[in-house]
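Heads up: the structure comes next, in structure tokens.
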Amino acid sequence: MNKKSSEVPGKAVVLFAKEMLKDINQSLMGKRCLIVGSGKTARAIAAKLLEYGAIPLTFSDESGHVYEPSGIDASKLRTISNIKTDRGATLGRYVISSTTAKFNEPSNIFDVPCDLCFSCGPIKSINADAVTQLADNGCMGVIEAGHKNVTLDARHALKSRGVMYAPHIVTLTGVNIVHAHKHDLTDATLESEVHRIYNDVKSAATEFNARGDLFAGGSMVGFLRVADAMLAHGAI
């Protein structure tokens, strides 16, 4: 996957968040965004958020997290990208180049007030306690940008607190879109494909009495596609 293609999964994650917000007549403009992680996907998410006028606030790695209260602009993002592409470099180095950044302050990244949380962290990095912290600090949506970041208990907590949730089984389809379109993928095509997939998932959730549940809808769409493929090959 070339550099441009490697940015597609992160871009797709943001486009799914955009679709989710559109359903409640809102946009990404001005939304304060917590980003957990700092790899390629996390940085691509930040870049795409900036395009839509959103405000990335944080990045994290094994050394801790950096928090820019007024937001991480394009210049600061370039600095962070340069640090992360140096072998062995951690985010702690970033505070040397910024007079406004806070490092591990607050001590828990989920205590940072935000509107949206994009999780690119390890498996099960968001549990029910994290959801409580996020919801208490004004978070309206959690968007999974890594595999199985959100635990089962956290999913239940998101539902009970009325926090929107975009699961990885939906948001990480950017890789599939890249493979399907190979060298012909444009930003317009990516946006169109995300829109189509989002609506398919939403329709499936509604059809199976789980309206608004993107996890249920995504699971059902995946199951139906596998079943269709098996039928086409005479497996069942």
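For the structure I just gave you, tell me whether residue 160 is among the polar types (S, T, N, Q), more than 19 Å from the chain's Cα centre (by Cα) and within 22 Å of residue 119 (Cα to Cα). Criteria met by residue 160.
Report yes if residue 104 is exposed (fewer than 15 other Cβ atoms within 10 Å of the Cβ) and either farther than 25 Å from residue 178 by Cβ or touching a residue at least 12 places away in the same chain (Cβ under 8 Å) (or both), otherwise no. So residue 104 fails the test.
When residue 138 is tested against (1) under 19 Å from residue 166 (Cα atoms); (2) surrounded by 14 or more Cβ atoms within 10 Å (Cβ to Cβ); (3) not aliphatic (A, V, I, L, M), exactly one condition is not met: (2).
The residues on offer are 17, 74, 46, and the sole one that is out of contact with any His (no Cβ under 6 Å at 6 or more places or on another chain), under 18 Å from residue 165 (Cβ atoms) and not hydroxyl-bearing (Ser, Thr, Tyr) is 17.
Residues of the range 120-144 that are outside any helix (DSSP H, G or I) and over 17 Å from residue 65 (Cα atoms): 123, 124, 127, 137, 138, 139, 140, 141, 142, 143, 144.
All conditions but one from (1) of a type in the set (Lys, Arg); (2) free of Cβ contacts under 8 Å to residues at least 24 places away in the same chain; (3) in contact with a Leu (Cβ under 7 Å, 6 or more places away or on another chain) apply to residue 78; the one that does not is (3). Considering each residue of the range 4-21 in turn, none proves to be over 30 Å from residue 195 (Cβ atoms), modelled with pLDDT under 95 and not in a helix (DSSP H, G or I). Does the range 62-74 contain at least one residue that is at pLDDT below 95, among the acidic types (Asp, Glu) and closer than 21 Å to residue 127 by Cβ? Yes, the range 62-74 has at least one match.
The values are calculated or read from the model by the stated rules, or taken from the named source; none is laboratory data. What you are looking at is a predicted structure, and each value in this text was computed from that prediction instead of being measured. In this analysis, Cβ positions are derived from the backbone assuming ideal geometry, glycine residues included, and neighbour counts consider all displayed protein chains.
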